[in-house]
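Enquirer: One structure is given below, represented as structure tokens, and several questions about it will come after.
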Amino acid sequence: MLLTARYVLPIAAPHIEHGAVLVHGDSIVEIGEADRLKQLHPDEPVTDFGLAALMPGFIDAHTHLEYTAMRGLVDDVPYSRWKLQLLQKERLFSEQDWEDSAQLGALEALQSGITTIADITASGASFRAAVMSGLRGVVYREVATMEKPKVAEVMRRATEDVESWRSATGAERIVAGIAPHAPYSCHPELFRAVAGFAADGTPVAMHLAGSREEYQFVKYGSSMLATDVRDTFDSHAPLWLPTGVSPVRYVLQWDILDAPNVLAVHCTQIDDADIEVLASRDVAVAHCPRCNAKLGMGTAPLAKLFAAGVRVGLGTDSPAASNSMDEFEEMRIGLLVQRALLGEERFVPARQFVKMATLDSARALGIEDRVGSLEPGKQADIIAVDLSESHQVPTHYPYSTLVHTANQENVLWTMVAGEVLYQRHSWSRLDPQRLYSRAEELRMKLRG
Ligand SMILES: [Zn+2]
């Protein structure tokens, strides 16, 4: 199958005008100028997208598919109040609600050109929705407890899930990992247990240094996370004593950053010494600019992370946080925030954010040998993004057009491993009508 478009963006190489990508089975075979590839492969069926960009699918470096039905539910409040209210609302969900909420997320991911998710899930619903919808993913089983006597049982249940995901039928596109939730919800022994379990290279993700409230909780034992959140949900938890150090240096003591494949999510509250810690242990960062801005969490110091050689991917953190799983918005807001902060001296180009949403996210997850760019031998995870609408023409430079004018509704086609999973309001494996009506039911339930 030969895919052609005005622009082909391999990401690892300069873009090609009037380009083509040759796909056989689940893999990319060749990339080049459309005329040349058509001559070389005259019998190959051609799909032309016209004034569009063919590019690797987005890799959402941090999300929670199962929270999708909580979109817009807790809005206009800062992080710690948002977290508290979300924890209260979660109690209303049944098992089936989590499943349908996660499928709703998979529906949106595919429509948004996301082909790989790095998803933290407590219920496992995100894993099942990813398998069912055909998404590729690194799916991390969440663990959390502040109570030491519960650590062994929490780990037992989590490792059972991870093992069952690894052997599940149809889950070839999923890598299973484990996720200690955050410094304010995990006992140090839980961090140690996860570090031991993940010493073999099992992927680890954790929310880390995400908000000022978390920083104040860890360092000074204060903030709403030390009062309301613990009073409501962790009343049996032991006393928390101020540690006097940053969240990064706090978790460092409990071995978790020594696991070989760690993704730290957010990292908005980190200083130069923290960056040194992350860089020296090759910990990757998932940057979620829209969630961080919307919930007043701050912003990750990208220029310093890049200078230190830290791998940084781009994440949406689910519609419960940022209202849509739209990597175009993440690229746009991420870029604008950096330009506003850094000025002319360290001006970030649009192309860098397109790379962050694709190849750099793949590197952050350690899956860049398979996905993240269009290269012969890599998996055919390919999207076509329309650039022909009234808000986009004339198009001069595809990277800045993608970042500044495109949105999730401009995605024409989403392919994972050579399988077309989405084409203009049509999903091959999901039933949108059922999920939209379930979304409405869940809306009424959550308001109760
Ligand atoms: Zn998150």
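The numbers here are math on the coordinates, done by the rules we state, and not lab data. Note that the structure is a prediction, hence the values are computed from the model and not measured. FYI the Cβ positions are ideal-geometry reconstructions off the backbone, even for glycines, and counts take in every protein chain you see.
Enquirer: Among Thr316, Thr227, what is the fewest-to-most ranking by other Cβ atoms within 10 Å?
Expert: Numbers: Thr316 32, Thr227 12.
With the fewest neighbours first, Thr316, Thr227 line up as Thr227, Thr316.
Enquirer: Moving on. Would you please name the GluC sites (Glu not before Pro) within segment 302-382 that are DSSP coil residues with at most 16 other C-beta atoms within 10 Å of their C-beta?
Expert: Working: sites: Glu327, Glu329, Glu330, Glu344, Glu345, Glu368; in loops: Glu344, Glu345, Glu368.
Filter output for segment 302-382: Glu344, Glu345.
Enquirer: What is the distance, in nm, between label points placed 7 Å from the Cα along the Cα-to-Cβ direction at Arg91 and at Lys150?
Expert: In this crude spin-label approximation the distance works out to 1.4 nm.
Enquirer: Now for a separate question. Could you check which residue among Val312, Val139, Val194 shows the biggest mean-square fluctuation in a GNM of the chain with a 10 Å Cα cutoff?
Expert: Highest fluctuation among the options: Val194.
Enquirer: Then there is this: With Kirkwood's inverse mean 1/r over C-alpha pairs for Rh, give me the Rg to Rh ratio of segment 58-365, two decimals please. Working shown, then result.
Expert: Numbers: Rg = 17.8 Å, Rh = 19.1 Å.
Answer for segment 58-365: 0.93.
Enquirer: Please list the non-local residues whose amide H lies under 5 Å from the amide H of Val285, H modeled 1.01 Å from N, same-chain partners needing a gap of 5 or more.
Expert: Here Ala264, Arg311, Val312, Gly313 satisfy the definition.
Enquirer: Enter the angle in degrees (range 0 to 90, nearest 10) between the Cα long axis of helix 432-447 and the first principal axis of the Cα atoms of the chain, meaning the one along which they spread out most.
Expert: The helix 432-447 is inclined about 20 degrees to the chain.
Enquirer: Now for a different question. At a 10 Å Cβ-Cβ cut-off, how would you order Val262, Val46, Val285, fewest neighbours first?
Expert: Numbers: Val262 24, Val46 13, Val285 28.
Least crowded to most crowded, the residues run Val46, Val262, Val285.
Enquirer: Hey, what do the phi angles of segment 3-18 turn into as Karplus ³J(HN,Hα) couplings, whole Hz, using 6.51/-1.76/1.60 and θ = phi - 60°, x for Gly and Pro?
Expert: Karplus values, whole Hz, x for Gly and Pro: 9, 10, 6, 4, 10, 10, 10, x, 6, 7, 9, x, 6, 10, 7, 6.
Enquirer: Sticking with this one: Within segment 162-213, list the GluC sites (Glu not before Pro) lying in a DSSP loop whose Cβ has at most 13 other Cβ atoms in a 10 Å radius. Don't skip to the end; give the middle numbers.
Expert: On the way: sites: Glu163, Glu172, Glu189, Glu213; in loops: Glu172.
Those that pass, being in a loop and sparsely packed, are Glu172.
Enquirer: Residue separation times 0.36 nm, minus the C-alpha to C-alpha distance between Ser222 and Gln39: what's the value?
Expert: The Ser222-Gln39 span can extend by a further 59.1 nm.
Enquirer: Right, something else. Could you please rank Arg332, Arg434, placing first whichever residue has the fewest other Cβ atoms within 10 Å of its Cβ? The partial results should precede the final answer.
Expert: On the way: Arg332 21, Arg434 12.
The most exposed by this proxy come first: Arg434, Arg332.
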